[in-house]
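Participant: Handing you a structure now.
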Amino acid sequence: MFAKAFKSEAYRISRMKSPYILIAVLMCVLFLINFLYMCVDLYGLMGLSKEDVEQIQEMGTSVEGYEESFMAGFQAGLDTSENINEEQAPIKILGEGPLYGESVAVIYSMDVSSLYEALLLAIFIGLYIGNIYSTGLDRNLNVFAGKRMMLFGTRMLMISIYSLVLHVFSWITSLFSAALMGASVELAFDKAFVLYFIVTWLLLTSFGCIVASMTHITRSKAAGITLGIILSAGILSTIMSIASLMLQRKLGLESEFNLGNYTVTQNLATVNLYSDGHFVVRALICAVVYFAAAYILSLMIVRKRDIA
């Protein structure tokens, strides 16, 4: 029964145009972002040289160096503004960007942290799950009776597979970007990258389950897509930051306390190849907890509707 349901859902997705269009959109958007960070001299546009940036980064590696690094950057801006009336060479826009000499793995982590994968996954889920209710497909599945919960699990599996597909195509885009615009193609396919790939895929799948749960509860495409946009656009993170500041003042918590660190999208945006172990563990816990909560809630809704 599960195999038949899986084939049925896979066939339904294969007949949709949106999965293919969204993959193409993802690759185009990420390629443009990589062009910006690899072929545009962003530091030069700010009046800074590579030496200036390296010096600022070195001074900013410690708490004591924050003020010095800020003043160094501020002074560089003053020097540029003071000499603005002098005869200068035309500003060179194209050049070596911040990611020009980085490996494919680093470029890939930057692409994932942009959360465009999450945004497009939310659109896919809204269309995929929403069509079940907009077309009346759910009413035609009464023959499954108690098996509808199994069918729901199959849909969650399809969402996890599609999130993996998006993840893979993001890496392919990073690879092509490095080959066409970078200094070299260094894959850096090590344990750190494999762990990062798995953790971020689990976070993306958890995000997809949350969006799917909202779509199931409301029976609306718009609701799921809207929630996905809110989460991927960082609106929730901003709200969490404000709430964290309020809690810090009311309860006297440490300044490092931030509720946003316990959300899926915040972890997806901040976890990187060099994250410490406790950050990775926290991201894994968030992925599992949010996925389980959204999955169980959706099952309860499906079961209740079956009884009704």
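Participant: Skipping prolines and chain starts, which residues have an amide H placed within reach, meaning under 5 Å, of the one on V40, given they are 5 or more residues away or on another chain?
Facilitator: Amide H neighbours of V40: G95, G97.
Participant: Using amide H atoms built 1.01 Å from N in the peptide plane, name the residues 5+ places from E186, or on other chains, whose amide H lies under 5 Å from its own.
Facilitator: V104
Participant: Sticking with this one: Could you line up E96, E102, E256 from fewest to most neighbouring Cβ atoms inside 10 Å?
Facilitator: Numbers: E96 17, E102 22, E256 8.
Lowest count first: E256, E96, E102.
Participant: Among L99, L151, which comes first, second and so on when ranked by fewest other beta-carbon atoms within 10 Å? All intermediate terms of the calculation are to be shown ahead of the outcome.
Facilitator: On the way: L99 24, L151 20.
The fewest-first ordering by Cβ neighbours comes to L151, L99.
Participant: If I take R0 = 22 Å and measure r between the Cβ atoms of L164 and I229 in this structure, what FRET efficiency does the formula 1/(1 + (r/R0)^6) give, to the nearest 0.05?
Facilitator: Working: r = 22 Å, r/R0 = 0.99.
Using R0 = 22 Å, I get an efficiency of 0.50.
Participant: Still on this model: With θ set to phi - 60° and the Karplus curve 6.51 cos²θ - 1.76 cosθ + 1.60, what are the ³J(HN,Hα) couplings of region 227-242 in order, to the nearest whole Hz, using x for Gly and Pro?
Facilitator: Computed from phi, the couplings for region 227-242 are 4, x, 5, 4, 5, 6, 7, x, 5, 5, 4, 5, 4, 5, 5, 5 Hz.
Participant: Please compute the modelled spin-label separation between M246 and A3, points set 7 Å along Cα→Cβ, answer in nm with one decimal.
Facilitator: Distance between label points: 5.5 nm.
Where a number appears in this text, it was derived from the coordinates with a stated rule and is not lab data. All values reported here derive from a predicted model rather than from experimental measurement. Positions of Cβ are generated from backbone atoms using ideal geometry, with glycine treated the same way; all protein chains shown enter the neighbour counts.
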